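Visitor: The structure under discussion is supplied below as structure tokens; questions concerning it will follow.
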Amino acid sequence: MNFDANDFWHDSIHTYQQCQSQLLVLQDTANANVNLLLLCVYLQNHGRYLTTPQLAELIRVCEQTQEQILSVRRARRQAKGGPAYTTLKQAELELEKQQQQDLIQAVNAMVLAQQGPGNVTLYGRLLLLPNLVLFPES
């Protein structure tokens with residue numbers, strides 16, 4: 001099964017709106033990658049499950065762009081209320097979208113299982129949060 005990056009992006013917007021505060025807390029306190037969490041939910045909603053080595057590979061994919069995203073995010077947060085805020089927010093979203101495209105490209109090169117532990121739970125274990133749940137089914 002091949003996944004579409006635009007479909008993932010649009011699904012992510014919907015999922016993000018449902019659990020934004022929880023995702024941001026995980027990002028800021030547990031160093032979780034929101035795009036990776038969103039991918040975990042997206043894949044599971046499509047009946048596909050990651051293995052620990054596959055998840056580790058996806059973490060490496062995220063690391064390729066994460067420092068750039070974090071740099072823009074820090075600048076955006078400092079610019080809040082200022083004239084550069086909107087431009088920085090758009091730049092951050094574009095980098096996030098690129099990271100999602102990179103993740104989908106990597107996922108499409110993998111053979112994913114049709115059953116397994118929940119993807120969010122698996123990622124939670126790597127974050128040392130073994131009881132991580134975003135939705136009851138994740």
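The values are calculated or read from the model by the stated rules, or taken from the named source; none is laboratory data. What you are looking at is a predicted structure, and each value in this text was computed from that prediction instead of being measured. Cβ sites come from the backbone with ideal geometry, for glycine too, and all protein chains shown count toward neighbours.
Visitor: Suppose we filter Q105, Q78, Q99 for residues that are surrounded by fewer than 15 Cβ atoms within 10 Å (Cβ to Cβ) and touching a residue at least 12 places away in the same chain (Cβ under 8 Å); which single one remains? Give the steps one after another, and end with the answer.
Guide: Numbers: Q78 fails: touching a residue at least 12 places away in the same chain (Cβ under 8 Å); Q99 fails: surrounded by fewer than 15 Cβ atoms within 10 Å (Cβ to Cβ).
Just a single option satisfies the conditions, and that option is Q105.
Visitor: In this structure, is V111 surrounded by fewer than 15 Cβ atoms within 10 Å (Cβ to Cβ), in contact (Cβ under 8 Å) with a residue 12 or more places away in the chain and in a loop (DSSP other than H, G, I, E, B)?
Guide: Numbers: surrounded by fewer than 15 Cβ atoms within 10 Å (Cβ to Cβ): yes; in contact (Cβ under 8 Å) with a residue 12 or more places away in the chain: no; in a loop (DSSP other than H, G, I, E, B): yes.
No, not satisfied.
Visitor: Does A106 qualify as being aliphatic (A, V, I, L, M), farther than 24 Å from N2 by Cα, in a helix (DSSP H, G or I) and modelled with pLDDT of 95 or more?
Guide: On the way: aliphatic (A, V, I, L, M): yes; farther than 24 Å from N2 by Cα: no; in a helix (DSSP H, G or I): yes; modelled with pLDDT of 95 or more: yes.
So A106 fails the test.
Visitor: Here's another thing I want to ask about it. Do we find a residue being more than 24 Å from N131 (Cα to Cα) and either assigned to a helix (DSSP H, G or I) or in contact with a helix residue (DSSP H, G or I) (Cβ under 9 Å, 6 or more places away or on another chain) (or both) anywhere in region 28-51? Spell out the reasoning first.
Guide: Looking only at region 28-51, we keep the residues that are more than 24 Å from N131 (Cα to Cα), and these are none.
Scanning region 28-51, I find no residue that is more than 24 Å from N131 (Cα to Cα) and either assigned to a helix (DSSP H, G or I) or in contact with a helix residue (DSSP H, G or I) (Cβ under 9 Å, 6 or more places away or on another chain) (or both), so the answer is no.
Visitor: Answer yes or no as to whether Q17 is under 17 Å from L132 (Cα atoms) and of a type outside the set (G, A, S).
Guide: Working: under 17 Å from L132 (Cα atoms): no; of a type outside the set (G, A, S): yes.
No; evaluated as a whole, the condition is false for this residue.
Visitor: If you don't mind, another one. Hey, does region 59-76 have a residue that's part of a helix (DSSP H, G or I) and under 19 Å from M1 (Cβ atoms)?
Guide: At the first step, the residues of region 59-76 found to be part of a helix (DSSP H, G or I) are 59-76.
With under 19 Å from M1 (Cβ atoms) added as a condition, the list becomes 61.
There is at least one residue in region 59-76 that is part of a helix (DSSP H, G or I) and under 19 Å from M1 (Cβ atoms).
Visitor: Inspect region 38-49 for any residue being surrounded by 18 or more Cβ atoms within 10 Å (Cβ to Cβ), under 18 Å from T15 (Cα atoms), of a type in the set (K, R) and in contact (Cβ under 8 Å) with a residue 24 or more places away in the chain and give the result as yes or no.
Guide: The answer is yes, given that some residue of region 38-49 is surrounded by 18 or more Cβ atoms within 10 Å (Cβ to Cβ), under 18 Å from T15 (Cα atoms), of a type in the set (K, R) and in contact (Cβ under 8 Å) with a residue 24 or more places away in the chain.
Visitor: Among the residues in region 94-101, are any touching a strand residue (DSSP E or B) at 6+ places or on another chain (Cβ under 8 Å) and either assigned to a helix (DSSP H, G or I) or closer than 23 Å to R60 by Cβ (or both)? Lay out the reasoning, then the answer.
Guide: Here is the first cut: in region 94-101, the residues touching a strand residue (DSSP E or B) at 6+ places or on another chain (Cβ under 8 Å) are none.
No.
Visitor: Being within 15 Å of the chain's Cα centre (by Cα), polar (S, T, N, Q), exposed (fewer than 15 other Cβ atoms within 10 Å of the Cβ) and under 19 Å from Q20 (Cβ atoms) is the requirement here; does N35 meet it? Talk me through it step by step, then tell me what you get.
Guide: On the way: within 15 Å of the chain's Cα centre (by Cα): yes; polar (S, T, N, Q): yes; exposed (fewer than 15 other Cβ atoms within 10 Å of the Cβ): no; under 19 Å from Q20 (Cβ atoms): yes.
Answer is no for this residue.
Visitor: Being of a type outside the set (G, A, S) and under 20 Å from C62 (Cβ atoms) is the filter here; which residues of region 104-116 pass it? Write out each step before concluding.
Guide: At the first step, the residues of region 104-116 found to be of a type outside the set (G, A, S) are 104-105, 107-108, 110-112, 114-115.
I104, Q105, V107, N108, M110, L112 - these are the residues of region 104-116 that are of a type outside the set (G, A, S) and under 20 Å from C62 (Cβ atoms).
Visitor: Something else: Is there a residue being over 15 Å from T52 (Cβ atoms), of a type in the set (A, V, I, L, M, F, W, C) and under 15 Å from the mean Cα position of the chain (by Cα) anywhere in region 67-75? First the steps, then the outcome.
Guide: Quick first cut of region 67-75, residues over 15 Å from T52 (Cβ atoms) only: 67-75.
Filter once more, so that each one left must be of a type in the set (A, V, I, L, M, F, W, C): 69-70, 72, 75.
Checking which are under 15 Å from the mean Cα position of the chain (by Cα) leaves us with 69-70.
Taking every residue of region 67-75 in turn, at least one turns out to be over 15 Å from T52 (Cβ atoms), of a type in the set (A, V, I, L, M, F, W, C) and under 15 Å from the mean Cα position of the chain (by Cα).
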